[in-house]
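Below: the structure, in structure tokens.
Each reported figure results from applying straightforward, stated rules to the coordinates on display, with no laboratory input. Computed from a prediction, not measured in an experiment: that's the story for all the values here. No Cβ is skipped: glycine too gets one built from the backbone with ideal geometry, and neighbour counts run over all protein chains shown.
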Amino acid sequence: MKFLKGLLLVIFFTALFAGAGYGGSYAMKQQWKAEVEIRQPNVEQLGTYFSLFEMYQLLNGNKQEDQKETVDVVYNGFKQQLKTYDNLANFWLNSDFYKQRQTGIEEKDNAFLQELIENTQFIEGNPARNIPDRISLALDNPKQATEQLDNFVKYTNYLAQQSLYKELIAKWKTLFNQVNLAAQQSTDNAKPGELSWQGKLNMMKSVSPLDNQLVTFSYLKSPTQPKVASPDRLLWMEVGGAVGFLFGLLLALIFAGRKQNNHN
């Protein structure tokens, strides 16, 4: 009889807490998280930016050990744009997704904008542990989460591309003016194995222009529609049930102990 009462007590609290966990999950806003894994781009993805940057470094006296240095510059430019708050805010402010959900109530719209910004995250990886860089976005619609994450990555790539182009063009113009002036004033008595100023100038005049093909990252895992939402209602029910089971078991043991003491 004592065992049956204890068992019923455990079952009651297990069911009660499981129901509370499941019901409580509805008090939280359901979110679907889309995620991508990214890494440095391949040299082939850099277009003519690669050859122009390499030539600039060579003519400017900055000898590079390998191609990786150029790839590092490009990928770091992409990550810098990801981390810039204003870029993230501008993406959402100008997105159709945000515009279609605006209410016209400034306080409410600003709060929603801040929520979108906070739900868009860049997570730095750990190369030593083979953990890649990731970008995630959580929204209340799985399809839209995937689409908006894809749009954000493309938008960030465009910003990085334009920033890298602008910086290289400015450096290139400065160096070209310096080389051009030096070529005009030089007697071209270059040392053996070294390019003359005129030779450097000819090299700079012979390059192909930027081709607008620069891609500043590559995918390890491209955007895919999430299949599991947060909070996981079944998980919350299981956690609640486990807590209820332990609570009921504890009460049953306490009551059993008291009755044993009373009999003594």
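The slack in the chain from Glu115 to Gln225, taken as 0.36 nm per residue of separation less the alpha-carbon distance, amounts to 37.6 nm.
How would you order 95-108, 136-149 from highest to lowest mean count of nearby Cβ atoms within 10 Å?
Details: 95-108: 10.8, 136-149: 19.1.
So the peptides 95-108, 136-149, ranked by packing, come out 136-149, 95-108.
Exceeding 19 Å between C-alpha atoms, which entries from my cross-link table qualify? They are Lys33/Lys227; Lys83/Lys173; Lys33/Lys108; Lys173/Lys200; Lys68/Lys221; Lys79/Lys108.
Details: Lys33/Lys227 9 Å; Lys83/Lys173 29 Å; Lys33/Lys108 23 Å; Lys173/Lys200 14 Å; Lys68/Lys221 22 Å; Lys79/Lys108 30 Å.
Distance filter (> 19 Å) returns Lys83/Lys173; Lys33/Lys108; Lys68/Lys221; Lys79/Lys108.
Highest average first, the peptides 150-159, 77-86 ordered by how many other beta carbon atoms sit within 10 Å of their residues are 150-159, 77-86.
Per the Debye formula on identical point scatterers at the alpha carbon atoms of region 95-212, with no solvent, log10 I(q)/I(0) at q = 0.13, 0.17 Å⁻¹ is -0.75, -0.95.
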